[in-house]
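Quick notes on the structure that follows.
Nothing in this text is a laboratory measurement; each read-out follows from the coordinates by a stated rule. Everything quoted here is computed from the prediction, not taken from an experiment. Counting neighbours? That spans all protein chains shown, and the Cβs are built from the backbone with ideal geometry, glycine included.
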Amino acid sequence: MDKFKNIIIIGLFILFMGSLMVIYHLVTNKETELLTIKGEVIVASDDYVIIEGINEDYVINNIKGKYKIGDIVEFKYLETDIDTKASPKTIKIKDEELIKVKDNGLDTDKNDEEDKSQDTNNDFTSNSDNNSNVDNNTEDTEPNTGISNNNEENNSSTTDNNFTSSSNEAQNKETDVDTEVLNYFNDYQAKIDSNNLGSSVKSGFVSIIDFLFYNGTIKGHTFSELTAGAKLKVLAMALYFDGKIEKYFPGYKESISSTTSKIYTNIKEKVVSTYLNIASSVCASNSEACESARSGFAELKKNFSLTWDLIKDIAGDGLSNLKNWYEIWRTT
């Protein structure tokens, strides 16, 4: 009897060890097996691309090749190298292959390009020689007047002072405009957050949308007069107002759109696209302001459940915008 029990125990132990080996083999293969994904490039950068897959988009990192929008590329990666929590999902690849180059009808023979390049270089050399002769002639014929430059220095000093004064006046004016408009928006928010929502809230919403998108004025100022920072602030507030109007006055935007040529039903899309365009412009020239713009957009993503699919839909055929927008999106 004891012998029979021992045989059963040994058999179970062998089965257990065998199961462990099978599981280990499956896990090991899963971690080392290369998976394949193929798609069309919709965003192209030096260190990453975004491809449009069958059902969703993927950000492909650590690329080695240079790709253009419209190219079809195949990538290989490990399952452990895909971040499914990111939006869009991101993949760190092991290999890549260009499957198809977008046919834009502008392909030219490589030899022709080289010949044109040589011709251009020759023309440039010739023009450079001619310009050099002109410069030499200019130096020979320039008169030496011997007149003191004191007057020029005095004039320059006066000009600098005038420029500084004008700059200060312009900055003060911008600050005044920002303050007046932001105060109006803050007052409107106080109204829309109160329990007494009357006709003034509806008309105020129309005035704000007209100000943002239809050349309307607030306190005698237009949207274009605001600084970039103030523009981003009022756009973020407008997105909040839009949600409130939709909640408390359902159908109101449709009703006013039906009585005018202006459209009030796509405010969310217009606000988001305008915000991203301004933020992209800011980030191209001012790193400190860029951080503020990105931080503001992070709040919009969180508070209004903005998705990558929405951003892509808003961009539509403007794929050139999509790259700039993604640079704002991915850092928030």
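If I model a spin label at I263 and T179 as a point 7 Å from the Cα along the Cα→Cβ vector, what separation in nanometres do I get?
Taking the simple label geometry, I263 and T179 are separated by 3.8 nm.
Residues with amide H under 5 Å of K94's amide H, sequence separation 5 or more or different chain, H placed in the peptide plane at 1.01 Å from N; which?
Excluding prolines and chain starts, which carry no amide H, the hits are K76, Y77, L78.
Each label point is 7 Å from the Cα along the Cα-to-Cβ direction; what then is the distance between the points at E291 and L310, in nm?
2.7 nm
Please compute, for the alpha-carbon atoms of the range 185-328, the extent along each of the three principal axes and give them in descending order in Å.
42, 30, 28
Could you tally the net charge around N62, taking each other residue with its Cβ under 10 Å from the Cβ of N62, Lys/Arg +1 and Asp/Glu -1?
For residues surrounding N62, the net value is 0.
Exceeding 23 Å between C-alpha atoms, which entries from my cross-link table qualify? They are K38/K66; K38/K94; K66/K92; K85/K302; K85/K233; K233/K302. If you can, show how the numbers build up before the last one.
Details: K38/K66 16 Å; K38/K94 14 Å; K66/K92 16 Å; K85/K302 15 Å; K85/K233 29 Å; K233/K302 16 Å.
Violating the 23 Å Cα-Cα cut-off are K85/K233.
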